[in-house]
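Report on one structure; see the data block that follows.
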Amino acid sequence: MFKKLLGLSALSLSLAATQVQADKIVFAIGGTPQSLQGQTAQEFTRRLQERLGDEHQVEYYDSGQLGDERQLIQKLRLGTVDLAAISSIMSSVSPDFALFDLPFLVKDRAHLKRIDQDIVMTDLAESADAKGLHLVSTWENGFRHITNSERPINTPQDLDGLKIRTPQSEWRTLMFRTWGANPTPMAFSEVFVGLQTGVVDGQENPLSNIDGAKFQEVQDYLSLSNHVYSPIWLTAGKSGWEKLPEDVRTAISEVAAETQDWALAKGTELDDSLLSTMREAGMEINQVDRNAFVEASNPVYQSFSEKVPDGQALVDRAMALAEE
Ligand code: EAX
């Protein structure tokens, strides 16, 4: 009798254990909680948890606690992380994502939404799929600007010799090398100390990432360049995604799409309000000479059309979507 009971409870315990494991959805980002990607990820987590109810538990980690974006991609493929937000380094997964590393291509958020619908969720999602990743939704990192500790950047010549930290993306380093800077790729979590100790002179990020990581405390100049619009993709590992129950996949996809609208609206609002935050922090702010930068950017477009299969066609399609 006792033996039987013991056997039963051991069985139900192990069943419960598998169940808890199967129903946990691990979600991680590299950014800080205050950044737009952090706020978006929290909003998504809250909405998804509400939608899924008690049977599933969304476990959320930020600030690179589960690894930087490069490591998160590995973990998505291994299935130890279910969902992650991946930004600029998607171009290292598949080069067509470097479409977002073409300077001044994305005009505004309305243009972005059309590119998302007609190019990202079709062509780029297919490329990601071939590399073992499932693209769930395009969220916002934001329009990027340049900060540094030496001087205002007006033209590419002003970048001459400056060590500018970039994400670990060969396209972003190409862009900054083309403009005359000395690009230094490193993980986001190392940037504050890099700027503080002078290992690098500057960096480039959207205002919400700058504020989220408090770069204004260690940088004197903010040059508004809007050089690229940087999306952040909610991504799953392909095989992990296929193993999720269908209702969970639907819930994730629908909640992620709603969260995209939230993120774009929030991004618009932050672009405005964070300028005052930067000014109040004592940064000297200027607008770059956009035409000078556009003129200096041709080699990046050239390289994209040479190196990326159907690259020129992608650029033409993206540009045509600006007109609507
Ligand atoms: O979490 O590495 C970067 O600069 C990216 O903007 C990243 O998304 C920050």
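It is to be established whether one or more residues within the stretch 68-76 are over 24 Å from Glu242 (Cβ atoms), crowded, with 16+ Cβ neighbours inside 10 Å, under 14 Å from the mean Cα position of the chain (by Cα) and not basic (Lys, Arg). Yes, because at least one residue in the stretch 68-76 is over 24 Å from Glu242 (Cβ atoms), crowded, with 16+ Cβ neighbours inside 10 Å, under 14 Å from the mean Cα position of the chain (by Cα) and not basic (Lys, Arg). Does the stretch 201-237 hold any residues that are surrounded by fewer than 22 Cβ atoms within 10 Å (Cβ to Cβ) and either within 12 Å of the ligand (Cβ to nearest atom) or among the hydrophobic types (A, V, I, L, M, F, W, C) (or both), and which are they? If the condition is that a residue be surrounded by fewer than 22 Cβ atoms within 10 Å (Cβ to Cβ) and either within 12 Å of the ligand (Cβ to nearest atom) or among the hydrophobic types (A, V, I, L, M, F, W, C) (or both), then Val218, Leu224 are the ones that fit. The set of residues in the stretch 185-200 that are touching a Lys or Arg at 6+ places or on another chain (Cβ under 8 Å) and buried (at least 18 other Cβ atoms within 10 Å of the Cβ) comprises Ala187, Val191, Gly194, Leu195, Val200.
Do the conditions hold for Val136, that is, is it among the aliphatic types (A, V, I, L, M), within 18 Å of the chain's Cα centre (by Cα) and under 22 Å from Gln219 (Cβ atoms)? For Val136, the condition - among the aliphatic types (A, V, I, L, M), within 18 Å of the chain's Cα centre (by Cα) and under 22 Å from Gln219 (Cβ atoms) - is not met. Considering Gly161, Gly180, Gly212, the condition of being of a type in the set (Gly, Ala, Ser) and in contact with a Ser or Thr (Cβ under 8 Å, 6 or more places away or on another chain) is satisfied by Gly212 alone. With respect to the conditions (1) surrounded by fewer than 24 Cβ atoms within 10 Å (Cβ to Cβ); (2) over 15 Å from the mean Cα position of the chain (by Cα), Ile115 falls short on a single one, namely (1).
Has the stretch 136-154 got any residue that is outside any strand (DSSP E or B), buried (at least 19 other Cβ atoms within 10 Å of the Cβ), of a type outside the set (Phe, Trp, Tyr) and at pLDDT 95 or above?
yes
Taking helices (runs of 4 or more DSSP H) as the structural unit, those lying wholly within the stretch 252-324 and holding at least 2 residues that are more than 30 Å from Asp23 (Cα to Cα) and aromatic (Phe, Trp, Tyr) correspond to 298-307.
The values are calculated or read from the model by the stated rules, or taken from the named source; none is laboratory data. The shown structure was predicted, so the numbers you read here are calculated from the model rather than taken from an experiment. Here Cβ is always computed from backbone atoms with ideal geometry, including for glycine, and neighbour counts include all displayed protein chains.
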